[in-house]
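Take a look at the structure below.
The values are calculated or read from the model by the stated rules, or taken from the named source; none is laboratory data. None of the values given here were measured: they were computed from a predicted structure. Heads up, the Cβs are rebuilt from the backbone with ideal geometry, glycines too, and the neighbour counts pull from every protein chain shown. SASA here: full protein model, heavy atoms, side chains in, ligands and nucleic acids out. Shrake-Rupley method; radii C 1.70, N 1.55, O 1.52, S 1.80 Å.
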Amino acid sequence: MVTTDSDTTPPAKYLVTQNPTSNSPDSPTPTADCLTSKTLKTSDSLLEYLNSHRHASFLIHVLSVEALLNKCIANPRAGIALLKLYITFRAAPKVNRWFNSPTLTSFSQVLQSLTPEEVSRSVCQNNLTISIGGESEQNFIADILHSIDVDSVKAEYPYLYKQWQTTSQAIYDGGSAWEFHKLFVYTLTLAKKYVASLISALELPASVPKASVPPQASG
């Protein structure tokens, strides 16, 4: 315990602690379950590790993230790719549960039940006018539209298609709100579908030949 003296305030007390060293007998490091340089060599080696360590303790998770961050520092391109793969593998089950939760299921049902008039009226009543001017936001919308066949985009999203073709700034208001609403519902539905496909791939037995694994599972 350390105390400090002051002329104007009573002595303050501070508790001085020290993190346990790596060889401390009170905090052993489970090296057998940790990521290694060999494990982090390729996406395939990381997937092999993850498949054999599907349930990780909090300590193992923290040590894994630390190893991946060190990999990002040493080799940014390869490290970031491996970090994305690790996060996707670990987060997918939780995201899948969230997509199938009663709360989100109810929310999705309400979204799909709305009419163009209801959406437009709500936006107009709240005087909402939002400019979608950021490059990342525009690219995000373009990526979603790109996943839909052109004829459907022209028919279902004429305003957004025009903005996409001319790279113009899109405006969210009473006139365009329905297209944005439909795109949001489509994105939510597609995301749920892809996460379910990923979960299905992750739950395949380790003995299944690589060629039988759906493309979504590749690193």
Worksheet item: Looking at the range 34-53, is at least one residue open to solvent by 70 Å² or more (accessible area, probe 1.4 Å), under 30 Å from K193 (Cα atoms), at pLDDT 90 or above and not in a helix (DSSP H, G or I)?
Response: no
Worksheet item: Can you name every residue in the range 138-152 that is hydroxyl-bearing (S, T, Y) and in a helix (DSSP H, G or I)?
Response: S152
Item to complete: Sort out which residues of the range 100-115 are open to solvent by 80 Å² or more (accessible area, probe 1.4 Å) and either closer than 24 Å to H55 by Cα or charged (D, E, K, R) (or both), and write them in order of number.
Response: N100
Discussion item. Just to be sure I understand the filter: pairs with C-beta atoms under 8 Å, separated by 6 or more residues or on different chains, first member in the range 146-162 and of a type in the set (F, W, Y), second member assigned to a helix (DSSP H, G or I). Which pairs pass?
Written reply: Y157/L145; Y157/E179; Y157/K182; Y157/L183; Y159/E179; Y161/L145; Y161/V153; Y161/K154
Worksheet, complete the sentence: Subset of the range 116-137, residues open to solvent by 50 Å² or more (accessible area, probe 1.4 Å), part of a loop (DSSP other than H, G, I, E, B) and without any contact (Cβ under 8 Å) to a residue 40 or more places away in the chain, comes to N126, N127
Practice prompt. For the range 153-181, enumerate the residues that are among the small types (G, A, S) and part of a helix (DSSP H, G or I).
Written response: A155, A177
Worksheet item: Here are some conditions: (1) part of a helix (DSSP H, G or I); (2) touching a residue at least 12 places away in the same chain (Cβ under 8 Å); (3) touching a helix residue (DSSP H, G or I) at 6+ places or on another chain (Cβ under 8 Å). I73 meets all but one. Which one does it not meet?
Response: (2)
Fill in: Qualifying positions in the range 161-184 - farther than 20 Å from S122 by Cα and surrounded by 16 or more Cβ atoms within 10 Å (Cβ to Cβ)
Y161, Q163, W164
Worksheet item: Only one of these conditions is not met by V62: (1) open to solvent by 90 Å² or more (accessible area, probe 1.4 Å); (2) under 21 Å from the mean Cα position of the chain (by Cα). Which number is it?
Response: (1)
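Residue-by-condition table, conditions (1) closer than 25 Å to A191 by Cα; (2) in contact with a Lys or Arg (Cβ under 7 Å, 6 or more places away or on another chain):
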| site | (1), (2) |
| --- | --- |
| T36 | no, no |
| L40 | no, yes |
| H53 | no, no |
| A56 | no, no |
| S64 | no, no |
| T88 | yes, no |
| A91 | yes, no |
| V95 | yes, no |
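Considering only the range 201-211, I want to know if a residue exists there that is modelled with pLDDT under 90, assigned to a helix (DSSP H, G or I) and open to solvent by 70 Å² or more (accessible area, probe 1.4 Å).
yes
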Worksheet item: Which condition number does S113 fail, the rest of (1) among the small types (G, A, S); (2) modelled with pLDDT of 95 or more; (3) touching a Leu at 6+ places or on another chain (Cβ under 6 Å) being met?
Response: (3)
Worksheet item: Only one residue in R90, R97 is open to solvent by 40 Å² or more (accessible area, probe 1.4 Å), out of contact with any helix residue (DSSP H, G or I) (no Cβ under 8 Å at 6 or more places or on another chain) and at pLDDT below 95, so which one is that?
Response: R97
